[in-house]
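Here the structure comes first, spelled out in structure tokens, and everything after it is commentary.
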Amino acid sequence: MRVIRVSDYEELSLRSADLIASLIILKPDCVLGLATGGTPLGTYRDLIRLYREGRIDFSQVSSVNLDEYRGLKPNDPHSYRYFMDQNLFQNINIDPAHTFVPDGCESDPASACSKYDAIIDRFPLIDLQLLGLGGDGHIGFNEPSDCFIRRTHCVTLKEETIRANSRFFQDKAEVPHQAYTMGIADIMKASRILMIVSGSSKAAILRQVLEGPVTPAVPASVLHLHRNCTVIADEDALQCCDRLCKDSQFILP
Ligand code: F6R
């Protein structure tokens, strides 16, 4: 696992957007695994800027998102489909037919999950999977558990996740309690993983991820087993990792 230490959120956003842009330049028909939430907003803003400057072209890119709230329609302003449309897709020249998000309207979880697995399986691989880090260590909506769940599944969100995500809703009571999420095996199959972590609220969990054992109780810890995983974290997020190297870039064994 390679860790890149950056000063703040702005630098994190620039560095992650540059990394994704490099992939698009080298492989114009790449498949991007994308995340929602607050952390990638700056990355998406910077990707849109690079697109507007004529430096990247999304016309052949495909994207597969990590997750979606169960029960929300694509045009619901709180749905992750809506988030992606507003914050990235509508501002670049990606073909909407090549962008995929689990179907939150599919009420039968087994059907929703197998349909999304079939979509993922259409691609030989995800070239780069972008991840945020949940306050309880979740990636996608793979919540802490006693086992890693391999493929797309319906998850009941932990109280901490509902509380953290309530900032996007008027009222905590509006936050859906369930979501469909890509599983750990599909995340781990990506050729490259990029996890971005910002702010002091993530410091304690980032320490567990970077310094602790690999365990499904801290789902992101599984990333230690990936052969090409980069974590970009800012000083605030790394503030509890005293024992780690202070260099701007280092490799964790
Ligand atoms: C969302 C997702 C989640 C978020 C995580 C962190 O698609 O996959 O795992 O990345 O909840 O969210 P923020 O960035 O809002 O702190």
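Quick notes on this one:
- Scanning the range 158-200 for residues that are within 11 Å of the ligand (Cβ to nearest atom), closer than 21 Å to SER79 by Cα, at pLDDT 95 or above and assigned to a loop (DSSP other than H, G, I, E, B) yields a single hit, MET182.
- For the range 214-235, a tally of residues being surrounded by fewer than 17 Cβ atoms within 10 Å (Cβ to Cβ) and in a loop (DSSP other than H, G, I, E, B) returns 5.
- Failed item in (1) among the basic types (Lys, Arg); (2) over 21 Å from CYS30 (Cβ atoms); (3) more than 16 Å from the ligand (Cβ to nearest atom), with ARG70 passing the rest: (3)
To keep it simple, each residue is scored yes or no on (1) without any contact (Cβ under 8 Å) to a residue 12 or more places away in the chain; (2) among the basic types (Lys, Arg); (3) over 30 Å from ASP8 (Cβ atoms).
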residue: PRO40; (1), (2), (3): no, no, no
residue: ASP46; (1), (2), (3): no, no, no
residue: GLU53; (1), (2), (3): yes, no, no
residue: GLY104; (1), (2), (3): no, no, yes
residue: ALA118; (1), (2), (3): yes, no, yes
residue: LEU125; (1), (2), (3): no, no, yes
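- Top-ranked residue in the range 121-150 [being closer than 20 Å to LEU19 by Cβ and aliphatic (A, V, I, L, M); ranked as farthest from the ligand (Cβ to nearest atom)]: LEU125
- Contacts under 8 angstrom Cβ, first residue in the range 64-83 being at positive phi, partner surrounded by 17 or more Cβ atoms within 10 Å (Cβ to Cβ) and part of a loop (DSSP other than H, G, I, E, B), 6 or more apart: GLY71/GLY104; GLY71/PRO176
- Residues that are open to solvent by 10 Å² or more (accessible area, probe 1.4 Å) and of a type outside the set (D, E, K, R), drawn from the range 236-250: GLN239, CYS240, LEU244, CYS245, SER248, GLN249, PHE250
- Residues (away from the ligand (no atom under 16 Å from the Cβ) and either open to solvent by 60 Å² or more (accessible area, probe 1.4 Å) or touching a strand residue (DSSP E or B) at 6+ places or on another chain (Cβ under 6 Å) (or both)) located in the range 26-58: LEU26, LYS27, ASP29, VAL31, ARG49, TYR51, ARG52, GLU53, GLY54, ARG55, ASP57
- Selected residue (only one of SER114, SER200 is more than 26 Å from ASN87 (Cα to Cα), surrounded by fewer than 23 Cβ atoms within 10 Å (Cβ to Cβ) and of a type in the set (S, T, N, Q)): SER114
- Note on the range 59-82: residues that are crowded, with 22+ Cβ neighbours inside 10 Å and either among the hydrophobic types (A, V, I, L, M, F, W, C) or at pLDDT below 95 (or both) amount to 3.
The values are calculated or read from the model by the stated rules, or taken from the named source; none is laboratory data. Just so you know, these numbers come straight off a predicted model, no measurement behind them. So basically every Cβ, Gly included, is an ideal-geometry build from the backbone, and we count neighbours across all protein chains shown. All accessible areas refer to the heavy atoms of the entire protein, side chains included, with ligands and DNA or RNA removed. Shrake-Rupley method; radii C 1.70, N 1.55, O 1.52, S 1.80 Å.
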